[in-house]
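The values are calculated or read from the model by the stated rules, or taken from the named source; none is laboratory data. Not measured: the values here are computed from a predicted model. Every residue, glycine among them, receives a Cβ derived from its backbone with ideal geometry; neighbour counts consider all protein chains shown. Just so you know, the surface numbers come from the protein's heavy atoms only, side chains and all, with ligands and any DNA or RNA stripped out. Shrake-Rupley method; radii C 1.70, N 1.55, O 1.52, S 1.80 Å.
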Amino acid sequence: MRENFVTVDHNSDKGSFMTDGTTSATHSRDAAAASSLQTEEGPNNTVVPKARGFTADFFIRLFREKPLGAFGGIIVLILLLTGIFADVLAPFGFNEMSPLNRLKMPSLEHLMGTDQLGRDMLSRIIYGARLSVIVGLAATTLSTIISVFIGVTSGFIGGKFDMYIQRLVDAWMIFPALVMLIVFVSVFGPGMWTIIIILGIQYGIGGSRIIRGATMSTKENMYIRAADSIGASVPRILVRHILPNIMAPIIVIFTTRIAAVILSEATLSFLGLGIPAPAPSWGGMLSGAGRAFMLKAPHLALFPGLALTIVVYGVNIFGDAARDLLDPRLRGGLGSYSGKK
Amino acid sequence: MPQLLKVRNLQTQFFARDSIVKAVDGVSFDLNEGETLALVGESGCGKSVTAMSILRLIPNPPGKIVGGEIFFQGRDLLKISEDEVRDIRGNDIAMVFQEPMTSLNPSLTIGRQISEPMEVHKGITLKKGLLRAKDLLGKVNIAAPERRIHDYPHQFSGGMRQRAMIAMGLGCNPKLIIADEPTTALDVTVQAQLLELMKNLTREYGTALILITHNLGVVARYADRVNVMYAGRIVEKGTAHEIYDDPRHPYTIGLLKSVPQLDQDVKTRLVPVRGQPPDLSKVPEGCAFYPRCDFATERCRKESPVLETVSGNHEKACWIDVK
């Protein structure tokens, strides 16, 4: 549990901060006010700790209030662990061929069967999870950072700056996403990092609209004016007052993007523009062997497809639940789809 | 008492597409340290804009302070840089806004928000800020402040939020608090508590207070001095006593007549000020109150009255000698 407990030997530093940074003319008055405060403090000089740490609180509430979201969380967790421990989990290497065992149906030795080169499908799915985790998280993180940066600056500064930035975003969005992706891949060549960067930029620019909209409506709130009235600087207002209030769309963008990015990567691989063979991308597996041998050995298409479906579903419901739990305005069971209060 | 604030001929205008709204049109007043000044008037008469102008918080565009001087402790706030103004905001001059429901950030705990001005201006850490926040919440009579600082604004009632706003304003020991209709959104019993609290705290800390209100009952009880505003100008100023017992401007008289009084006969009808406040983008020449005034003469239609002394510090802007 994270400690939010505050203990300070507080009588000693009280007077000092009150007089710090004030001019000598005001010195005596502040000191007097400080001492008047001190007399009323009494023995209770500490702040009651929060009942639970933030992270613990999140997971407890996830399981209690959002069972479906918790289910999604477990899927995400399994995906993560599978990706991280792929070397340990996979019974065979992802590119370990066994020409004698080609296109075998699932059996005890090969739980998901083998492909046309005799590679163990289970191992390839497991290594594919690693690829999906890396591509999904990296590209989504990149895209969210880009979205937030463009969206918040453009929305907050407004005026001409906003106009120019948004016309550039318009120009970018005119091109269909897939066409852009194909053009970039053919220029820069296929490869995992190329895909990550391209997907990151592609989704990042598109998503900035949502963040911009959220920023524009948030900055009109009275509390932003109030923040201005206490002398907060622009960066401070952006980070402490705008960002926490647009966390809901940011989380939604992040989680829906993970699923979309994994799908996009699969799409590119399906078209042969993704991560080059023999890397075990789920999309690549679907397109290459899966399509060619669909009738003869349906498990070649079935398992990668299932893996994709389950992961995308899990990420989406987890993200939705996380959004509901992390937004303090929705606390107290509002927006719960589990039926429980 | 030494002078704290001196406003001279302040003019703030808003520029619409095809008109100029003179929201504040030549306002001058003084405020001494520790004093409570009430700005009174109907909605849209320029009270809030005057207050916002003092802190240079007028959104630009469309608004702009086009003229005048605002001396705070001898420094003209309209001549210093944005960074210097930011140093003063929240530190020397704090503001309490009209709507407690919306002027607190819903995503931050109360404690963090109270601590923020002190973090910004006094350079203290969040830890110490929270301790101070706890003390301040206690000061504004919120029970169990050590727990309440972890609450979010939606867990507070309207009155409690406004108290939290006041605590936030007091954090840096400002010289001046500007309270923009601090009680408008609250129910009557809470209003009285809050004003009592503000009066006690400002007295305790020696803080001056500009109280913007349209509630004349509030004025009588809590203000030392009163400025009555109409159409962007001050039409009468004086001590609370003078304004109440001896109002000299027809508008002030009208305002006082329109307040219900408990000792009146039940059947007595209230006398509202007839008509509507003028559109500030096309204020007629002459006295702005002329179309609504019962005493108006030909002169009022043509010439705009200036503030003239009635007695001592009691001033009015009216050609007619109304008793």
TODO: Tally up the carbon and sulfur contribution to the accessible surface of the range A:56-330 as a whole percent, 1.4 Å probe, everything protein left in place.
DONE: 75
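So for the range B:23-95, Kirkwood radius off the Cα pairs, Stokes-Einstein at 20 °C and 1.002 mPa s: how many µm² s⁻¹?
161
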Open item on the list: Report the per residue volume, in Å³, of the convex hull enclosing the C-alpha atoms of the range A:56-330.
Closed with: 143
Task: When the convex hull of its Cα atoms is projected in every direction, mean area for chain B (nm²) - done: 18.0
Open item on the list: Can you compute log10 of I(q)/I(0) for the protein assembly as shown with the Debye formula, treating each Cα as one identical point scatterer, at q = 0.06, 0.11, 0.12 Å⁻¹?
Closed with: -0.49, -1.11, -1.23
Open item on the list: Can you tally the net charge around B:A23? Count Lys and Arg as +1, Asp and Glu as -1, for every other residue whose Cβ sits under 15 Å from the Cβ of B:A23.
Closed with: +2
Task: FRET efficiency estimate (nearest 0.05) - Cβ-Cβ, B:D87 to A:L111, R0 56 angstrom - done: 0.25
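Using a 1.4 angstrom probe, figure out how much accessible area the range A:56-330 has per residue, in square angstrom, rounded to the nearest whole.
45
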Open item on the list: Run the Debye formula on the Cα coordinates of the range B:92-175, all scatterers equal and no solvent, and tell me log10 I(q)/I(0) at q = 0.17, 0.18, 0.22 1/Å.
Closed with: -0.57, -0.64, -0.99
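Which three numbers, in whole Å and largest first, are the semi-axes of the equivalent ellipsoid of the range B:1-139 derived from its Cα gyration tensor as √(5λ)?
Listed largest to smallest, the semi-axes of the range B:1-139 are 29, 19, 15 Å.
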Task: 13 Å beta-carbon shell around A:Y203, net charge (K/R +1, D/E -1) - done: +1
Task: Partner chain coverage, peptide B:99-107 - average Cβ within 10 angstrom - done: 6
- [ ] For the range A:195-322, divide the Cα radius of gyration by the Kirkwood radius and give the resulting Rg/Rh value with two decimals.
- [x] 1.19
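Nearest 100 Å² is fine: how much accessible area is buried between A and B, summed over both sides, with a 1.4 Å probe?
That pair of chains buries around 4300 Å² in total.
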Task: Residue-count net charge about B:M198 - beta-carbon cut-off 11 Å; Lys, Arg +1, Asp, Glu -1 - done: +1
Open item on the list: Please report the spacing between the Cα centers of the range A:240-295 and the range B:1-45 in Å, no decimals.
Closed with: 59
Task: Shielding of B:116-122 by partner chains, average beta-carbon count, 10 Å - done: 6
TODO: Using protein chains only (no ligands, no nucleic acids) and a 1.4 Å probe, work out which residues of the range A:220-240 have their accessible area cut by at least 30 Å² relative to the chain alone.
DONE: A:M222, A:Y223, A:R225, A:A226, A:D228, A:S229, A:I230, A:G231, A:R236, A:R240
Open item on the list: Along the Cα→Cβ direction, 7 angstrom out, place labels at B:E308 and B:E285. What is the inter-label distance in nm?
Closed with: 2.1
